[in-house]
Amino acid sequence: MTRDELIYKIQQAFADVTYPGESALTTSSYGDEPLALIKEFSGKKDWRQLDPQFLDQAPDGWGSAMSFFSNAAFQFYLPAYLIADIRGELRCVDPTSRLCSFLAFPGETKIANIWGGGTMEERRREEFNRYDKAKVSAIVAYLQWKLESFEEDILIEAALVNYWLKLSIFSED
């Protein structure tokens with residue numbers, strides 16, 4: 001799959017996702033970053049219009065927005081991050097972190113008390129199990145592209161094998 005084909009696949013897969021609204025940009029109140037995220041992403045209702053440099057630094061120069069987005073906001077803005085990464089326009093932010101962390105090696109016991117309890121793996125599965133087949137397929141294609149375009153990455157490989165490829169089989173249409 002070419003980069004243009006991958007970008008098109010991502011755009012099509014996430015075309016139906018709607019802006020979550022200012023009140024649903026984050027569910028976190030931990031530290032200063034959630035408030036900065038709300039300030040910077042409020043009113044940004046078209047992810048296609050976001051500058052990659054903004055994505056790489058938001059919020060407030062921390063480049064941590066992907067860690068603080070609510071599930072709905074993450075799903076809405078994810079294609080902007082994936083496409084910017086495919087185009088080589090991200091320097092600080094790595095979308096694979098949220099897509100692969102805690103899913104690569106099932107059974108880890110890290111507790112996510114600040115996100116409502118349970119393990120981080122349970123939180124990620126709860127988030128991504130709601131994605132339809134087109135979104136999962138686009139994410140799988142992106143992760144496979146990352147592996148083919150760069151060097152081996154055990155985190156991406158393990159997340160594909162232990163989660164994403166299995167999910168793609170069972171995702172709803």
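The values are calculated or read from the model by the stated rules, or taken from the named source; none is laboratory data. What you see is a predicted model, and the numbers here were worked out from it, not measured in a lab. Every residue, glycine as well, gets a Cβ built from its backbone with ideal geometry; the counts of neighbours run over all protein chains shown.
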Could you check the stretch 1-38 and list, in sequence order, the residues that are out of contact with any helix residue (DSSP H, G or I) (no Cβ under 8 Å at 6 or more places or on another chain) and of a type outside the set (A, V, I, L, M, F, W, C)? 2, 4, 5, 8, 16, 21, 23, 29, 31, 32
Mind checking whether some residue in the stretch 142-151 is over 30 Å from residue 30 (Cα atoms), out of contact with any Asp or Glu (no Cβ under 8 Å at 6 or more places or on another chain), modelled with pLDDT of 80 or more and polar (S, T, N, Q)? yes
Considering only the stretch 152-163, I want to know if a residue exists there that is modelled with pLDDT under 85, loosely packed, with under 12 Cβ neighbours inside 10 Å and in contact with a Lys or Arg (Cβ under 8 Å, 6 or more places away or on another chain). no
Does residue 62 fit the bill of being of a type in the set (A, V, I, L, M, F, W, C) and either more than 28 Å from residue 147 (Cα to Cα) or at pLDDT 95 or above (or both)? no
For the stretch 61-77, does any single residue satisfy the condition of being under 22 Å from residue 15 (Cα atoms), more than 14 Å from the chain's Cα centre (by Cα) and not charged (D, E, K, R)? no
Name the single residue, out of those in the stretch 77-89 being touching a Phe, Trp or Tyr at 6+ places or on another chain (Cβ under 7 Å) and without any contact (Cβ under 8 Å) to a residue 60 or more places away in the chain, that is surrounded by the most Cβ atoms within 10 Å (Cβ to Cβ). 77
Test set (1) under 21 Å from residue 9 (Cα atoms); (2) surrounded by 20 or more Cβ atoms within 10 Å (Cβ to Cβ) - residue 51 fails condition number: (2)
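Given the criterion without any contact (Cβ under 8 Å) to a residue 60 or more places away in the chain and surrounded by 19 or more Cβ atoms within 10 Å (Cβ to Cβ), identify the matching residue among 64, 149, 101. Even if it seems obvious, please write down each step before you answer.
Working: 149 fails: surrounded by 19 or more Cβ atoms within 10 Å (Cβ to Cβ); 101 fails: surrounded by 19 or more Cβ atoms within 10 Å (Cβ to Cβ).
After applying the criteria, what remains is 64.
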